[in-house]
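Visitor: Here it is, the structure, as structure tokens.
The values are calculated or read from the model by the stated rules, or taken from the named source; none is laboratory data. Keep in mind it's a predicted model, so treat the numbers as computed, not measured. FYI the Cβ positions are ideal-geometry reconstructions off the backbone, even for glycines, and counts take in every protein chain you see.
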Amino acid sequence: MFAEDRQVLLAPRGEDGHNPCAMSQASDVAKKLLPKWAKRFILLRLRGVHKRYDHLRSHPSRIFLEREILPWIAAHYERVLFVGTAPYTHQFERIFRRSRDHYTTIDPVRGTETWGARHHIVAPLQEIALHRPKGHFDCVVLNGIFGFGIDDTEGQRAAIKILHDTIAPGGLLLVGWNTNLMLDLEDLGLFEPYFSKEVEGLPWPHRTRFPLPETHTYDFYTRRAD
Ligand SMILES: C[S@@+](CC[C@H](N)C(=O)[O-])C[C@H]1O[C@@H](n2cnc3c(N)ncnc32)[C@H](O)[C@@H]1O
């Protein structure tokens, strides 16, 4: 049973601010013509979407992601795929400015391109092979996707195989997930055929957890050779 007082930080408070409907009062033409920075300004500042998400940035798991994990990944990996974009993820592109030409985001929801990188794909992760060749990425950040879209164990098993296909041998996979939303896929042996828990040079343990009420967990893996 899952304790109700445990925190799932990524669950939006109240109305979902990253719903593209937040721009619904603008005409379709205006939406197409407006540059991304202007759309972000309208949504975040004029429509107040930032107020719904500002609280996220003060939580230990988010601070760890933004200040430690992502800068370390940006310094060590070139072709990074960040899965799932939202009003609270657009600033991550700055962290990847060194490799901006290769930093890619993906989300199946139309409108998420507003929050995505210069290279944003509107599609589910499961369709990544239609957009990039096999082994294209040397790192995938899969944070808050299991339990927020890819929810059942069979879907997660299939996604892990897809992640193996899209990451080059020796590449890095980061999985961020919530202990109160899903089973521990390591206990089920789902990563074992495709990923190893040994990550060379990783400055943290393979698994990082945070004091309750946070339930967020970060697991790092190396993509096994074929
Ligand atoms: C809780 S948010 C996490 C956002 C971001 N990854 C982060 O770390 O803050 C979940 C996001 O995953 C996206 N998502 C759900 N299913 C997906 C899938 N199959 N492929 C890619 N993105 C997906 C949703 O549209 C949503 O934007």
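Visitor: Could you grab me the full set of residues in segment 205-222 that are surrounded by 13 or more Cβ atoms within 10 Å (Cβ to Cβ), in contact with an Asp or Glu (Cβ under 9 Å, 6 or more places away or on another chain) and in contact (Cβ under 8 Å) with a residue 60 or more places away in the chain?
Guide: THR208, PRO213
Visitor: Right, another one. Confirm whether PHE137 is away from the ligand (no atom under 12 Å from the Cβ), modelled with pLDDT of 95 or more and under 20 Å from PHE220 (Cβ atoms).
Guide: For PHE137, the condition - away from the ligand (no atom under 12 Å from the Cβ), modelled with pLDDT of 95 or more and under 20 Å from PHE220 (Cβ atoms) - is met.
Visitor: Quick check on my filter: what residues within segment 189-204 are surrounded by 12 or more Cβ atoms within 10 Å (Cβ to Cβ) and either out of contact with any helix residue (DSSP H, G or I) (no Cβ under 7 Å at 6 or more places or on another chain) or assigned to a strand (DSSP E or B) (or both)?
Guide: GLU192, PHE195, SER196, LYS197, VAL199, LEU202, TRP204
Visitor: Next up: Could you tell me whether segment 195-204 includes any residue that is within 14 Å of the ligand (Cβ to nearest atom) and either of a type outside the set (Val, Ile, Thr) or in contact with a strand residue (DSSP E or B) (Cβ under 9 Å, 6 or more places away or on another chain) (or both)?
Guide: Checked segment 195-204: no residue is within 14 Å of the ligand (Cβ to nearest atom) and either of a type outside the set (Val, Ile, Thr) or in contact with a strand residue (DSSP E or B) (Cβ under 9 Å, 6 or more places away or on another chain) (or both).
Visitor: Restricting to segment 67-124, and then to whatever is hydroxyl-bearing (Ser, Thr, Tyr), modelled with pLDDT of 95 or more and more than 11 Å from the ligand (Cβ to nearest atom), can you tell me which residue is surrounded by the most Cβ atoms within 10 Å (Cβ to Cβ)?
Guide: TYR103
Visitor: When both residues are 6+ apart or on different chains and their Cβ atoms are under 8 Å apart, which pairs have a first residue that lies in segment 165-176 and is over 18 Å from GLN126 (Cα atoms) and away from the ligand (no atom under 16 Å from the Cβ), and a second that is hydrophobic (A, V, I, L, M, F, W, C) and modelled with pLDDT of 95 or more?
Guide: PRO169/ALA225; GLY170/ALA225; GLY171/PHE137; GLY171/CYS139; GLY171/VAL140
Visitor: Out of all the residues in segment 148-165, is one or more in a loop (DSSP other than H, G, I, E, B) and within 30 Å of LEU34 (Cβ to Cβ)?
Guide: Yes, segment 148-165 contains a residue that is in a loop (DSSP other than H, G, I, E, B) and within 30 Å of LEU34 (Cβ to Cβ).
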